[in-house]
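Any read-out appearing in this document is the output of simple, stated calculations on the displayed coordinates, not a laboratory observation. Given the structure is predicted, the values throughout are model-derived calculations rather than measurements. Positions of Cβ are generated from backbone atoms using ideal geometry, with glycine treated the same way; all protein chains shown enter the neighbour counts.
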Amino acid sequence: MLNLTAPLRYGTHRLADVPWMFDGLRWMLEGGFRQHRQLLARHFSTPPARVLDCGCGTGIFAPCFSQPSYLGIDLSPAYIARARARYAGYRFQEMDASRMQLASQSFDAVIVSGVLHHMDRSLAQQVLSEIQRVLRPEGTLLMWEDVPTRGRINWLGHLVHQLDVGDHIRPAGEYLSLLAPCFQVESVEPMLSGCMDYVAIKARPHSQPLVHAPTSQYHPTASLVIA
């Protein structure tokens with residue numbers, strides 16, 4: 001029997017290189033990201049004054065926040081270019097999340113959406129350590145990551161995960177293990193977005209000595225605006 005998984009997965013990787021096409025596909029598979037926006041609205045009922053979107057992609061969640069409060073970072077120049085074109089007035093920077101050129105304790109909130117499942121354990125922990133560094137001691141990390149498809153009859157979800165460009169889709173417990181050295185978990189909840197299964201985790205940073213890093217000119221103030 002012909003196995004089409006490898007060529008289909010290759011095609012998915014190539015599709016991910018075309019930001020507007022990949023966004024459109026995800027929008028269809030995930031019901032317009034409604035569950036993601038509801039998650040943000042629920043956990044940020046009090047607007048964070050400074051929010052970092054770590055691994056922001058094309059900035060699809062930027063409109064959930066006011067322009068002065070938001071900074072999106074991503075390693076991909078193509079995705080950052082797409083974000084800047086779509087959301088003029090919002091701030092986006094090409095940046096390695098494992099070595100952020102941002103001041104320590106400079107953000108009230110960090111969001112991470114479907115980023116860590118692209119990273120092995122070592123790299124994911126480096127990124128989480130950097131997030132801990134840039135968060136204020138009382139700040140909030142809200143992350144939601146792909147988990148193995150829960151429903152047996154969710155055949156589309158199973159297929160999408162087979163083709164996913166992330167090679168490290170983990171059970172919820174493994175994400176909690178990644179967080180443990182740097183964060184205290186406050187809540188864990190399952191989330192189904194279209195056909196895609198996630199675990200959503202809210203956490204606070206453990207106390208730590210201040211690590212000095214390059215200073216940033218980013219001093220936003222504003223409110224959260226959920227459409």
Quote the FRET efficiency, to the nearest 0.05, computed for SER98 versus HIS168 with a Förster distance R0 of 22 Å and r equal to the Cβ-Cβ distance. 0.90
Read phi for every residue in the range 48-59 and hand back ³J(HN,Hα) as whole Hz from Karplus 6.51 cos²θ - 1.76 cosθ + 1.60, θ = phi - 60°, with x for Gly and Pro. x, 6, 9, 10, 10, 9, 8, x, 6, x, 8, x
What translational diffusion coefficient, in µm²/s and rounded to a whole number, does the Stokes-Einstein relation yield for the range 67-130 at 10 °C and a viscosity of 1.306 mPa s, taking the hydrodynamic radius as the Kirkwood radius over Cα pairs? 123 µm²/s
Out of residues 5 or more away from HIS206 or on other chains, whose amide H comes under 5 Å of its own, with H placed 1.01 Å from N in the peptide plane? PHE183, GLN184
As an exercise, identify the trypsin sites (Lys or Arg not before Pro) in the range 65-115 lying in DSSP coil whose Cβ has no more than 15 other Cβ atoms within 10 Å. ARG99
Thinking of the range 41-82 as a set of Cα atoms, what percent of all their pairs are more than 15 Å apart? 41 percent
